[in-house]
Amino acid sequence: MPTSRALGLLMLLSGWARAHMILTSPEPFGRDTLNNSPLAADGSDFPCKLRSGAFELPAEQAMIAVGETYPLILEGSATHGGGSCQISLTTDRIPSKESKWMVIKSFEGGCPANVEGNLAGGATAVHPFGLEFAIPRGIDPGNYTLAWTWFNRIGNREMYMNCAPITIIGGSTQGLPEELSSFPPMFIANINGCITAEGVDIRFPQPGNTVERKGEPGRLAPPNVPVCSGVPRFGDTETDISSSSPI
Ligand SMILES: *[C@@H]1O[C@H](CO)[C@@H](O)[C@H](O)[C@H]1NC(C)=O
């Protein structure tokens, strides 16, 4: 018979295990079936937490103009000491393992929050994290899937990924092919055999042109150290991910 204290600890631990973060703006795909847990450790539900109903459209799909500042809102309070996040786009409306993702913004540290551990309020809390992004010039108007990916600083080595359908309007008239080639591939780890270190805000091997650092400088991984250990089975296997950005 467990004591009430042990029971309390058990409830705390199970709450910790279940309560993470969920993307609410832009409105994600398949909200009715989207839970707040990370991607499966074996990569089987990559991308976008594949499941039945994963790409069900929201009632209102976000419409975002090129250059407009748009809020990235996450629900929940299990911030796991923050970490590093990326915002990526693919032209695939139903992304698959073969989809090409283009990073449009990297947060190295302080994402979702600059915190020691978790915040209060439970799984449905909405804290003002102040995360924002803009669609860069060089992205043509049209329908895209946006992904928010997150590597938590504290806790199990995980990768979070929620996806949202968005419509981009008012795009640049610049030649697309040249522009597109300047958006790096999304960083993938912890689900593909390459594991990130705990306790630091990772630096992405290819963060792209728009990088925001919102964490404690002392928590940022040092430059030129391996960003993950192990050989990635899939994801960006061409870049030398044994070395993170030197800047
Ligand atoms: C973009 O997506 C919306 C919602 O699914 C759809 O109504 C619209 O026809 C799409 N536009 C294009 C250009 O595919």
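Read-outs: derived from the displayed coordinates by stated rules, not from any lab. Just so it is clear, the model here is predicted, and its values are computed rather than measured. Every residue, glycine among them, receives a Cβ derived from its backbone with ideal geometry; neighbour counts consider all protein chains shown.
Suppose R0 equals 22 Å; then what is the FRET efficiency for residue 33 and residue 63 from their Cβ-Cβ distance, rounded to the nearest 0.05?
On the way: r = 24 Å, r/R0 = 1.08.
Result of the calculation: an efficiency of 0.40.
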**Complete:** Relative contact order as a percentage, region 21-247, C-alpha pairs under 8 Å and 6+ apart, gives 24
**Request:** Taking the Cβ of residue 23 as the centre, find all other residues whose Cβ is under 10 Å away and add up their charges (Lys, Arg: +1; Asp, Glu: -1).
**Result:** -1
**Prompt:** So which aspartates and glutamates pass the test for residue 105, namely a Cα distance under 12 Å, with those fewer than 8 places away in the same chain ruled out?
**Reply:** 132, 212
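Quick one: Cα convex hull volume of region 21-247, Å³ per residue? Could you put the intermediate results ahead of the total?
Values: hull volume 25.3 nm³, N = 227.
Here the figure is 111 Å³ per residue.
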**Asked** How long, wide and thick is region 13-134, going by the Cα atoms along their three principal axes, in whole angstroms, largest first?
**Response** 37, 34, 27
**Request:** Could you order peptides 63-76, 220-233, 116-129 by the average number of other Cβ atoms within 10 Å of their residues, highest first?
**Result:** 63-76, 220-233, 116-129
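Tell me, what is the percent relative contact order of region 18-96, built from C-alpha pairs under 8 Å that lie six or more residues apart? Could the numbers behind the result be given before it?
Working: 83 pairs, mean separation 33.7, N = 79.
Computed value for region 18-96: 43 percent relative contact order.
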**Request:** For every other residue with a beta carbon closer than 14 angstrom to the beta carbon of residue 92, add +1 if it is Lys or Arg and -1 if Asp or Glu, then tell me the sum.
**Result:** +2
**Request:** Report, ordered by chain and residue number, the aspartates and glutamates lying within cross-link reach of residue 100, taken as a straight Cα distance under 15 Å and ignoring same-chain residues fewer than 8 apart.
**Result:** 92, 179, 236, 238
